[in-house]
Amino acid sequence: MFSTASVKRILAIARIEMLQLMRERTTFSLIVIIPALQLILFGYAINLDPKEVTLAIAGTKPGLYDRVTEIAEKTTYFKTPTELLPQGQAAEQVRTGKALIGIELPEEGDFDDFDKESKPLTLYIDASDSIAVAAAAAALENGYMRQLASMQETPITTEVHWLFNPERRTAWTIVPGLIGAVVMISMLMLGALSLVSERERGTWETLLTTPVRNIEALLGKLTPCAILSLVQAGIVMVAASLLFGVPMTGSLGLLFVVIPLFATAHLMLGFAFSAFAKTQLQAVQGAVAFYLPSMLLSGFMFPYQGMPTWAQIFAEVIPLTHFVRIARGLLLRGQSLAEMWPDLLAIVLFLLIAMTLALGAYRKNLD
């Protein structure tokens, strides 16, 4: 099919292209960095078994509290609770987000004298992220029942209440984070391609000759994209409600205030990538290098509680981590602004940092 001369020409062109790739240090480094980043994250940061799961125990029996706490510690899933709460507080701790699992101890009896008339141990589980707590809850329940079974013949059961997502539907857990993931990727890409594409077309130089200020140009270019983010989020939410029955228990108005802030933060970051990059490929690779760890470490795909401490620290810097919490809190838990303001503040701080970076990069190109 190919003659010897044809093969030589193909190899010659391939050699030239390889030399050009090697000469573009940024492009070549990203080609190496992205697979290495994936390997590190999947090898060291991603863990489907949660750790340090917050636990609240309520009741009136200190002896039973000690035994249940001991069982929880043996599972290695839980953060040791600091105190025995008053009777009836377990469910409230889960509803307010202070614990992922709440345990209500029986009012009568102690661990060593249960009988068939005794009330069961009652678990209240936050199922807004059922993947993060299912294994821990199962280990706790099994450990409790094994301990009782080894002491007596009377069967003792546990009563489990899955809050916010009673059927533990995966779609209910995924969709709130999916809204953020869709907006993040779209806005990063649009921002990353905005300036570098204009530079390649030659229209950027024309803009520099106008009296438009940096911040005016930046906001003018990115405002339509922020509006587009609302359309994207609306489409995902409507589809999720119609197809999967995802509830909208909280304030949708508040969510549609958060989305433009979240979108603008990634637009600004993408614009900074675009200002620093020399080609569209470099800008896109910079965006990919950011959103890849965001997807993996935010709690959207894998449980946040399963990550090591260093990965959790890094995840707290990522806006998607905080958006996932806000979206699940609003759609599934019906939380108010007072309950989610720390996550909203984190998104605003990232937005300010990204805007400073983008303006600095834009000013550098002007010079």
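Each reported figure results from applying straightforward, stated rules to the coordinates on display, with no laboratory input. From a predicted model like this one, the values you see are computed outputs, not experimental measurements. Ideal geometry is used to build each Cβ from the backbone, glycine not excepted, and the neighbour counts take in all protein chains shown.
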Least to most buried among TYR124, TYR362, by other C-beta atoms within 10 Å and fewest first, runs TYR362, TYR124
Taking a crude spin-label model, label points 7 Å out from Cα along the C-beta direction, the GLU70 to THR223 distance in nm is 6.7 nm
With label points set 7 Å from each Cα along the Cα-to-Cβ direction at GLU216 and ALA171, the distance between them in nm comes to 4.9 nm
Expected sort for 186-197, 171-182 on mean C-beta neighbours within 10 Å, highest first, is 186-197, 171-182
For 279-289, 351-361, 79-89, 265-275, ranked highest to lowest by mean beta-carbon neighbours within 10 Å, the order is 265-275, 279-289, 351-361, 79-89
Eigenvalues of the alpha-carbon gyration tensor of the stretch 235-277, times 5 and square-rooted, give semi-axes in Å, largest first, of 30, 13, 5
In nanometres, the difference between 0.36 nm per residue of separation and the alpha-carbon distance of LYS98 and ILE235 is 46.1 nm
Looks like the stretch 219-336, by Cα gyration tensor root eigenvalues a ≥ b ≥ c and the a/c under 1.5 rounded cutoff (else prolate when a/b is bigger than b/c, oblate otherwise), is oblate
